[in-house]
Amino acid sequence: MKMKTNSIKIPKYYEGRLLNQEKSYFLKKSLLSYIKKLKSINEFLIPSILYISAWEKDKNEIWYEYAGENFKGLFSAEIEELPEVFKKAVIDRKVYIKNENRVKIHTQNKDLFLSKKFKIRSEIQDSGFNEAVYKIRSENRTFWLKDQAFVIYFKDDNVTVSIGNLTNVTKEMEAEEARIEAEDRLIKSQKLLQSLFNHSYDPVFVIALNGKIIDCNEISEKTFGYFKKDIVSKYYTKFIAPEERKRFEKKVEGLFKEQTIRTDTVVENKNGEKIPVEVSAVRINNNPPVIQAFIRDISDKVLLENEKIKSSKFELVSTMATGIAHDISNILSTILGNVSLALIEAEKSGSKKTGEILQRIEKAGKHLDSLTKNFFRISDLSSIIKQPVDPESFFSPLIEKYKDLMAIKLFKNNEVDTLNINSQMMGSALDAVLENSFEAMENSDKKLTEIHITKIDLTKSNSEVHEIIEKGRYTLISIKDYGKGISEKNINRVFDPYFSTKSLSSAKGTGLGLTKAFSAVKQHNGYITISSKENFGTNLSIYLPE
């Protein structure tokens, strides 16, 4: 095809290439028309950044056929410098892809953008239109330019021409970046909260304002013994111990006035076991509002507090008992001394009846004397003399004593060679424990007590039961019976002096048996714990330090 080059008059202001090359008349005529129109727009002082760029297919170079003064001034560059200056200034390129009612933002950094430039040019050429936003860094300032261009491919010349307008959209893009950054922070925050929710060491319930649980974390299943599907949609009160429900519901009502509450209560798992917990609940004003409740097991805290109460109570009673026992002992010495003299006189006078009365008084006095000695032993926390003894030899007399009343089985770990104890004191204490075991099983078909002796290392233990026990190595003596067990309301009082579930008129015991055991273990610098469930027996554990 013959090129019509002489029919185009090139303006003096023209700074491009194509009008000076052997190109088609149609291309040159069209290009000159575009340039004149853009220049006239610029002359009317319309604040637009207009340009005409061009490139040849499959060639690397791109150049500008026209660049308005605003464009050149923005980058402080002449037209021939603009392609390289613009390329260096670009930080990234954003393309907004509309899909139905949604807009997806596709961001390309400079390296990706430049590596795919041929593909991008081909896509622009095929579509006939280009719209993208460029983030620019030039002369120590950052700004955004929105590029909107019509693209024409001149097939006969193998040239593509892009006629475009650049709009400064810095304010809009700063707002968008701030929004995206805020959304990213929100998503990360939500992911973090979800992770904390899922991996919390404590159960967490999300509860609707009508009281129904709408979500829970994994540890909730383990704590309460239910699968998640069996927890969700249930009312939270189902998991509160019956005796605590009214009090706890009143506390929860506070969330309608305040944003948070913190309170102690008792929950109940699938097996009916009651667990003391601390509940921290917060009202979250979503749409609709929900309550998020963190449930922390405080069994170890309760154990520790009970142990402190038990120790302080024991110290108080011991002090009182010592004083009272001294006073009784002094009075009793006088009484028994005079009774002895009276018995001699009764024998001399031959008054048999008086002698019998005096003997009963003397017997009662000696029994009272025995009780005062028990008080002295219980209240005496001074150091004792301990000696190594063979476990089987130590327990043999006790097993023999109760053989006609109940079966006692002794299980000893091979690593336990000796017990470092005061045999008389510990023997008396364990005798009292076994007596309690027998009385608990008196009406039971299974009259069996098991004694287990083993070594235990608590230097690295995290068990809640061991929170009250100083870390170290111990010999553990566990005494398990299959009796009627101890109720929850009584379990924390069993070591109290004179506490007994037997009637006051009962001739069985004095209520000092387990107090005596507690005192003996304390004098051995050890620890004693008890666990029990009604109708399932009792387990008493004695920890003796090595």
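The values are calculated or read from the model by the stated rules, or taken from the named source; none is laboratory data. Computed from a prediction, not measured in an experiment: that's the story for all the values here. For neighbour counting, all protein chains shown are included, and Cβ atoms are generated from backbone atoms with ideal geometry for every residue, glycine included.
Suppose we keep only residues that are farther than 18 Å from GLN292 by Cβ and not small (Gly, Ala, Ser) within region 215-226. Which one would you say is farthest from the chain's Cα centre (by Cα)? Out of the qualifying residues, it is TYR226.
Each residue in region 123-152 was checked for being surrounded by 15 or more Cβ atoms within 10 Å (Cβ to Cβ) and out of contact with any Leu (no Cβ under 8 Å at 6 or more places or on another chain), and 10 of them qualify. Within region 136-163, being closer than 18 Å to ALA77 by Cα and either out of contact with any strand residue (DSSP E or B) (no Cβ under 9 Å at 6 or more places or on another chain) or not hydrophobic (A, V, I, L, M, F, W, C) (or both) holds for ARG137, SER138, GLU139, ASN140, ARG141, THR142. Annotation note: of SER370, SER382, SER396, the sole residue that is at pLDDT 85 or above, out of contact with any strand residue (DSSP E or B) (no Cβ under 7 Å at 6 or more places or on another chain) and exposed (fewer than 13 other Cβ atoms within 10 Å of the Cβ) is SER396.
The single residue among LYS212, LYS188, LYS229, LYS234 that is within 42 Å of the chain's Cα centre (by Cα) and modelled with pLDDT under 90 turns out to be LYS188. Residues in region 81-116 that are surrounded by 13 or more Cβ atoms within 10 Å (Cβ to Cβ) and of a type in the set (Val, Ile, Thr): VAL85, VAL90, ILE91, VAL95, THR107. Give me the residue from region 205-227 that is surrounded by 15 or more Cβ atoms within 10 Å (Cβ to Cβ) and touching a Ser or Thr at 6+ places or on another chain (Cβ under 9 Å) and, out of that set, farthest from ASN286 (Cα to Cα). The residue in question is TYR226. Counting only residues that are free of Cβ contacts under 8 Å to residues at least 60 places away in the same chain and more than 13 Å from LYS9 (Cβ to Cβ), region 20-42 holds 7 of them.
Remark: ALA132 matches the filter, which requires a residue to be within 16 Å of SER53 (Cα to Cα) and touching a Lys or Arg at 6+ places or on another chain (Cβ under 6 Å). Where helices (runs of 4 or more DSSP H) fall wholly inside region 81-133, the ranges with 2 or more residues that are of a type in the set (S, T, N, Q) and within 23 Å of TYR66 (Cβ to Cβ) are 117-127. One residue alone among ILE408, ILE453, ILE479 is within 21 Å of PRO545 (Cα to Cα) and touching a Phe, Trp or Tyr at 6+ places or on another chain (Cβ under 8 Å), and that residue is ILE453.
Note on region 507-537: residues that are at pLDDT below 85 and of a type in the set (Ser, Thr, Tyr) amount to 3. Considering LYS489, LYS460, LYS403, the condition of being at pLDDT 85 or above and of a type in the set (Lys, Arg) is satisfied by LYS403 alone.
Of the residues making up region 160-175, those that are touching a residue at least 40 places away in the same chain (Cβ under 8 Å) and closer than 23 Å to ILE41 by Cβ are THR160, VAL161, SER162, ILE163, GLY164, ASN165, LEU166, THR167, ASN168. Considered as a group, the residues in region 40-80 that are part of a loop (DSSP other than H, G, I, E, B) and among the polar types (S, T, N, Q) include one that is surrounded by the most Cβ atoms within 10 Å (Cβ to Cβ), and that residue is SER48. Quick check, is ILE295 of a type in the set (Val, Ile, Thr), in contact with a Ser or Thr (Cβ under 8 Å, 6 or more places away or on another chain), surrounded by 14 or more Cβ atoms within 10 Å (Cβ to Cβ) and in contact (Cβ under 8 Å) with a residue 60 or more places away in the chain? It is true that ILE295 is of a type in the set (Val, Ile, Thr), in contact with a Ser or Thr (Cβ under 8 Å, 6 or more places away or on another chain), surrounded by 14 or more Cβ atoms within 10 Å (Cβ to Cβ) and in contact (Cβ under 8 Å) with a residue 60 or more places away in the chain. Of all residue pairs spaced 6 or more apart or on separate chains, those with beta-carbon atoms under 9 Å, a first member in region 420-431 that is assigned by TED's automatic domain parsing to the domain that holds THR454 and a second member that is surrounded by fewer than 16 Cβ atoms within 10 Å (Cβ to Cβ) and of a type in the set (Asp, Glu) are ASN420/GLU546. Restricting attention to region 387-424, the residues that are in a helix (DSSP H, G or I) and among the hydrophobic types (A, V, I, L, M, F, W, C) total 4.
Candidates are the residues of region 437-447 that are assigned to a helix (DSSP H, G or I) and touching a strand residue (DSSP E or B) at 6+ places or on another chain (Cβ under 8 Å); the one that is farthest from LYS516 (Cα to Cα) is MET441.
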